[in-house]
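Asks: Below you'll find the structure I mean.
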Amino acid sequence: MEIKNNDKISNFQLFFAIIEKLNSFFIHINLHNMITFSEVSKRYPGGYQALNQVNFHLKQGDMVFLTGHSGAGKTTLLRLIALIEHNTSGQIVVNGQNLSRLPTNRIPYLRRRIGMTFQEHRLLFDRTVFDNVALPLIIAGLRHQEIRRRVRAALDKVGLLNKEKSYPITLSAGQQQRVGIARAVINKPPILLADEPTGNLDPALAKEIMRLFMQFNQVGVTVLIASHALGLIKSMGRRTLILQQGNLIGDTYPRR
Amino acid sequence: MNHSTHPPISHRKAKPPPRNAWLMHYLYLLFSSLGLIVRTPLPSLMTAAVIGIALALPTGLYLLLENVQQVSSGWGGAAQISLFIKQEIDNKQVHALADQLYQHPDISSVQVITPTEALEEYRTLSGFGESLDALEHNPLPAVLVIQPITNEEITTQNLLNSLKQLREVEVAQFDMLWLKRLLAMMEIVRRGVLILAILLALAVLLVIGNTIRLAIYNRRDEIEIYKLVGATDAFIRRPFLFTGFWYGLFGGFIAWLFVNTSFWFLQGPVKQLTTLYYSQFELLTLNVLSSSMLLLSGASLGLAGAWLAVGRHLREIQPR
Ligand SMILES: Nc1ncnc2c1ncn2[C@@H]1O[C@H](COP(=O)(O)OP(=O)(O)OP(=O)(O)O)[C@@H](O)[C@H]1O
Ligand SMILES: [Mg+2]
């Protein structure tokens, strides 16, 4: 009896071993992890422990929210992914690249593959909206006509085509936010990190922007959105990471 | 675009952008950096003027040296030896002696000045003119002007001594010994100018470096944003290099103006002075070659200064 039972288990194990093998075979094609945090901690130079042994991973094509109280470490976490800050311990792997082993001169290329929107927008105030959105394409050295075409398409998506020639200073906070979003997605990055993207938007516009993120996600972009807007997050019905005092206290999947 | 597969970042080779796009980008940078300089005319002009003065000084001194050199070469260049021939030797014998001396290994050329020619020359230079006609016969000796092969002290001295021994020679002496001394002095001055030029080139590097440093810190936010969206250091460095280039070029142009006006200012008195001695003298000024050298060295000093400054300060600026 017992022997038979054991046999069953090993059959099971064999089955999973084969699946595992197949998985690792096809891992580069689909199911591979886009962002992996293993025991990641971040202590700022002042001594403040902003993140504490955080573990999670995002698969390619995931759309995940990151929430938590103000000062919980959401921005810090996003900044670690784009190497704006370096983690003090643990390991971060982005798109197969271990960030602690990424040479400094490769950091720009990492950032080109990560579209990022910032809480405080980070726009160039002496450039037009068009020039701001075009920036990643100019850096990539695209042809002028191509830049024009893509920038207009992106501005159209965020509903700011008529503001093309305006300066950011003349825009409302929500409009500036959308310029930042257009800039983040213009180079079609495989990863999109959005820090408080709906902070200054009215509910209708916030929904609109979320729909935009979902569109990107549907074509395979991995999206991580830091947000306070619990209602909005709930209505989206997506996986949510919850930070508290730098600890990851929740990784909830929506019940379907 | 299909996002379903994404090879790891490190393995992805960036597709080289079209060449034409780079060219456009460079042209854009060239003119946009010029635009930035022109937009703040007064501070830019002051910087360029400082660079201009620093470049004008060694250039002007160098040009002065060239002129002195030209004068001295007009007057016979290096040490020559004049052989005054005894009165009793006739023209034929003088020429024979000249031919014989021409074979001498230490002599590069021999010029014969017959008494008649000497008198002619004296007549035109002294301005006595007709009064010389009153002379019953020519009191001047024939002269052989010897150009030694080298300027070397010992060789020419030995040559002089051996020429003194010649039967036909009354007196043998170095021509224009003072000129030789002047040339030796000029070598010292030349080196002084070289040292000055190096020091002032360093000053230009520092001035441009400092200007670029300020420009970098003024655009700190912009640089941070560029870095955030994935600009390489090379990309961020480029506009500053162009700025340095323009400052250097304008500095060179201002130096050119300084030197040319100064020499134009000197032209009158120099002309008066030189007609007294040497009528063919033409004051050397900056020609096409030296002008372009001046502009080129200004521009490259600008580039180098910018490069040094940018390399150091870009590293310090990291995005927040
Ligand atoms: N550069 C820094 N130096 C020192 N401490 C910092 C720095 N940046 C953030 N912190 C600290 O780290 C903690 C987490 O900050 P973070 O910006 O990640 O919070 P957050 O979750 O994004 O908050 P918010 O919702 O207000 O944007 C905060 O307590 C903050 O004081
Ligand atoms: Mg934040």
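Asks: Per residue of B:227-240, what is the mean number of Cβ atoms on other protein chains within 10 angstrom of that residue's Cβ?
Replies: Partner Cβ neighbours, averaged per residue: 6.
Asks: May I pose another question? If you count, for each residue, the other Cβ atoms within 10 Å and average over each peptide, how do A:125-135, B:309-319 line up from highest to lowest?
Replies: Answer by packing, highest mean first, reads A:125-135, B:309-319.
Asks: For A:MET210, B:MET24, what's the fewest-to-most ordering of other Cβ within 10 Å of each Cβ?
Replies: Fewest-to-most Cβ neighbours within 10 Å comes out as B:MET24, A:MET210.
Asks: Would you list, by chain and number, the aspartates and glutamates whose Cα falls below 15 Å from the Cα of B:LYS86, excluding same-chain residues fewer than 8 positions away?
Replies: List returned: B:GLU168, B:GLU170.
Asks: Still on this structure, please answer the following. Just need the relative contact order of chain A here, percent rounded to a whole number, with Cα pairs under 8 Å and 6+ apart.
Replies: 25 percent
Asks: Please tell me the relative contact order of the stretch B:211-320 in percent, rounded to the nearest whole number, where contacts are Cα pairs under 8 Å and at least six residues apart.
Replies: It comes to 50 percent, rounded to a whole number.
Asks: A follow-up question, please. What is chain A by shape, rounded, prolate or oblate, if you read a ≥ b ≥ c off the alpha carbon gyration tensor as root eigenvalues and call it rounded for a/c under 1.5, prolate for a/b larger than b/c, and oblate otherwise?
Replies: Because a/c hits 1.5 or more and a/b exceeds b/c, chain A counts as prolate.
Asks: Between B:GLN147, B:LEU194, B:THR124, whose Cα lies farthest towards the positive end of the dipole of the stretch B:90-232 when Lys and Arg beta carbons carry +1 and Asp and Glu beta carbons carry -1, centred on the Cα centre?
Replies: Farthest along the dipole direction, towards plus: B:LEU194.
Asks: Can you sort A:HIS228, B:HIS137 from fewest to most other Cβ atoms within 10 Å of each residue's own Cβ?
Replies: B:HIS137, A:HIS228
Asks: Just checking the output field for A:134-142: average partner chain Cβ neighbours within 10 Å of each residue's Cβ?
Replies: Average per residue, whole number: 6.
Asks: If you don't mind, there's one more thing I want to ask. Using +1 on the beta carbon of Lys and Arg, -1 on that of Asp and Glu, and nothing else charged, what's the dipole of the protein assembly as shown about the Cα centre, debye to 20?
Replies: Using only the charged Cβ atoms, the result is roughly 5280 debye.
Asks: Helix-derived [θ] at 222 nm for the protein assembly as shown: sum -39500 (n - 2.57) over DSSP H runs of at least 4, divide by residue count, nearest 500?
Replies: Helix-only estimate at 222 nm: -18500 deg cm²/dmol.
Asks: Another question about this same structure. With the cut-off at 1.5 for a/c, could you classify the stretch B:81-175 from its C-alpha gyration tensor as rounded, prolate or oblate?
Replies: Prolate.
Asks: Could you give the nm distance between label points at A:ARG152 and A:HIS228, where each point is 7 Å from its Cα heading toward the beta carbon?
Replies: 3.9 nm
Asks: Suppose every K and R has +1 on its Cβ and every D and E has -1 on its Cβ; what is the size of the dipole of the stretch B:81-175 about the Cα centre, in Debye to the nearest 20?
Replies: For the stretch B:81-175, the charge dipole is close to 240 debye.
Asks: Classify the stretch A:196-238 from the C-alpha gyration tensor, please: rounded if a/c falls under 1.5, else prolate or oblate depending on whether a/b exceeds b/c.
Replies: Here the stretch A:196-238 falls in the prolate category.
Asks: Something else about it: For a 19 Å ceiling on Cα separation, which of these pairs sit above it: A:LYS207/A:LYS234; A:LYS42/B:LYS227; A:LYS74/A:LYS163?
Replies: Those over the limit are A:LYS42/B:LYS227; A:LYS74/A:LYS163.
Asks: When a footprinting reagent is the concern and you count Cβ atoms within 10 Å, what order do B:ILE53, B:ILE236, A:ILE81, B:ILE154 take, fewest first?
Replies: B:ILE154, B:ILE53, B:ILE236, A:ILE81
Asks: Given an 8 Å cut-off on Cα distances and at least 6 residues of separation, report the relative contact order of the stretch B:81-175 as a percent.
Replies: Relative contact order for the stretch B:81-175 comes out at 48 percent.
Asks: Turning to a different aspect of this structure: Give me a single rounded figure for A:143-149: the average over its residues of other chain Cβ atoms within 10 Å of their Cβ.
Replies: Other-chain Cβ atoms within 10 Å of each residue's Cβ, averaged: 2.
Every number in this text was worked out from the coordinates using simple rules, so none of it is lab data. These numbers were taken from a predicted model, which means no experiment stands behind them. So basically every Cβ, Gly included, is an ideal-geometry build from the backbone, and we count neighbours across all protein chains shown.
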